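Trainee: So that we are looking at the same thing, I have put the structure below in structure tokens.
The values are calculated or read from the model by the stated rules, or taken from the named source; none is laboratory data. Since we're looking at a predicted model, the values are computed, not measured. When we count neighbours, we look across all protein chains shown, and the Cβ atoms used for this are built from the backbone with ideal geometry, even at glycine.
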């Protein structure tokens with residue numbers, strides 16, 4: 001952060017891999033992983049495979065994605081796209097539409113195969129970039 | 001995601017605000033918020049205040065930060081900087097040093113004052129950019 005400037009900091013996020021899923025379009029996806037989402041493959045860039053060392057089947061992880069089809073200008077939404085629910089700030093919701101469309105996905109590791117991880121359940125579309133993987137925090 | 005290219009996707013992350021903390025240097029910070037970290041102020045950009053609508057004192061949130069002093073080339077670390085623990089891939093740890101140094105911080109909202117939120121506990125240094133705020137997921 002540049003303390004001398006009021007200009008917002010910008011940082012370049014690099015994808016570390018990609019999701020391979022049977023869900024091909026945004027409308028086909030359940031709203032949360034726990035609502036019937038399938039397992040997916042995380043194809044992690046082979047140059048980063050050292051960073052996966054220590055992850056094994058059965059682990060619980062949080063996968064961070066970049067929700068590349070989201071609208072970054074949206075500041076308020078009806079929660080769960082339900083027009084009966086009052087407009088709410090996106091920071092109080094899990095809407096994919098938000099200034100920085102980072103998705104957080106708690107998953108379980110089913111299988112590790114080289115730099116590919118089978119994990120689930122996960123409610124994102126095929127081709128979604130992965131930006132980080134972390135152990136669960138709660 | 002550009003499916004035709006193998007080139008990693010890059011996306012520009014914008015800070016939505018900044019942390020104001022009594023912790024001024026990385027070495028002064030506890031490793032986790034629950035290990036004696038202080039409360040902090042999140043100063044959210046006033047142009048985004050609509051996106052905070054619905055957040056109130058007592059809420060439990062996850063704050064996403066950009067750990068701007070991290071080393072993005074590190075792929076393995078000794079967990080908790082303990083040389084007795086074996087080198088582990090950063091995706092299996094919460095090391096700030098990782099390809100995309102996004103921090104996840106579960107916090108409780110103490111006070112809302114316009115576009116400023118008092119939250120805690122939080123183990124990041126003063127000046128850390130905030131990139132997203134979400135409801136808790138577990």
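Trainee: Take the residues in the range B:99-130 that are under 17 Å from residue A:62 (Cα atoms) and within 8 Å of chain A (Cβ to nearest Cβ), then tell me which one is farthest from the chain's Cα centre (by Cα).
Mentor: In this case the residue turns out to be B:99.
Trainee: Another one. Within the range A:49-92, count every residue that is over 18 Å from residue B:15 (Cα atoms), in a strand (DSSP E or B) and under 17 Å from the mean Cα position of the chain (by Cα).
Mentor: Residues meeting the conditions: 4.
Trainee: While we're on this one: When you go through (1) surrounded by fewer than 20 Cβ atoms within 10 Å (Cβ to Cβ); (2) in contact with a helix residue (DSSP H, G or I) (Cβ under 9 Å, 6 or more places away or on another chain); (3) modelled with pLDDT of 95 or more one by one for residue A:60, which number turns out not to apply?
Mentor: Among (1) surrounded by fewer than 20 Cβ atoms within 10 Å (Cβ to Cβ); (2) in contact with a helix residue (DSSP H, G or I) (Cβ under 9 Å, 6 or more places away or on another chain); (3) modelled with pLDDT of 95 or more, the lone unmet condition for residue A:60 is (2).
Trainee: Moving on to the next point. Go through (1) closer than 18 Å to residue B:37 by Cα; (2) more than 10 Å from every other protein chain (Cβ to nearest Cβ) for residue B:83 and report which single condition fails.
Mentor: In the conditions (1) closer than 18 Å to residue B:37 by Cα; (2) more than 10 Å from every other protein chain (Cβ to nearest Cβ), residue B:83 misses (1) alone.
Trainee: Taking the condition modelled with pLDDT of 95 or more, assigned to a strand (DSSP E or B) and surrounded by 21 or more Cβ atoms within 10 Å (Cβ to Cβ), does residue A:112 pass?
Mentor: Against the criterion (modelled with pLDDT of 95 or more, assigned to a strand (DSSP E or B) and surrounded by 21 or more Cβ atoms within 10 Å (Cβ to Cβ)), residue A:112 does not qualify.
Trainee: Residue A:100 fails exactly one of the following numbered conditions: (1) closer than 22 Å to residue B:13 by Cβ; (2) in contact (Cβ under 8 Å) with a residue 40 or more places away in the chain; (3) not in a strand (DSSP E or B). What is the number of that condition?
Mentor: Condition (2) is where residue A:100 drops out.
Trainee: Of everything in the range A:12-47, what is in a helix (DSSP H, G or I) and either free of Cβ contacts under 8 Å to residues at least 12 places away in the same chain or surrounded by 20 or more Cβ atoms within 10 Å (Cβ to Cβ) (or both)? Give them in sequence order. Give the derivation first.
Mentor: The first filter runs over the range A:12-47 and keeps only residues in a helix (DSSP H, G or I), leaving A:26-28, A:46-47.
Scanning the range A:12-47 gives A:27, A:47.
Trainee: Residue A:95 - would you say it is closer than 30 Å to residue B:125 by Cβ and either more than 7 Å from chain B (Cβ to nearest Cβ) or in a strand (DSSP E or B) (or both)?
Mentor: Yes.
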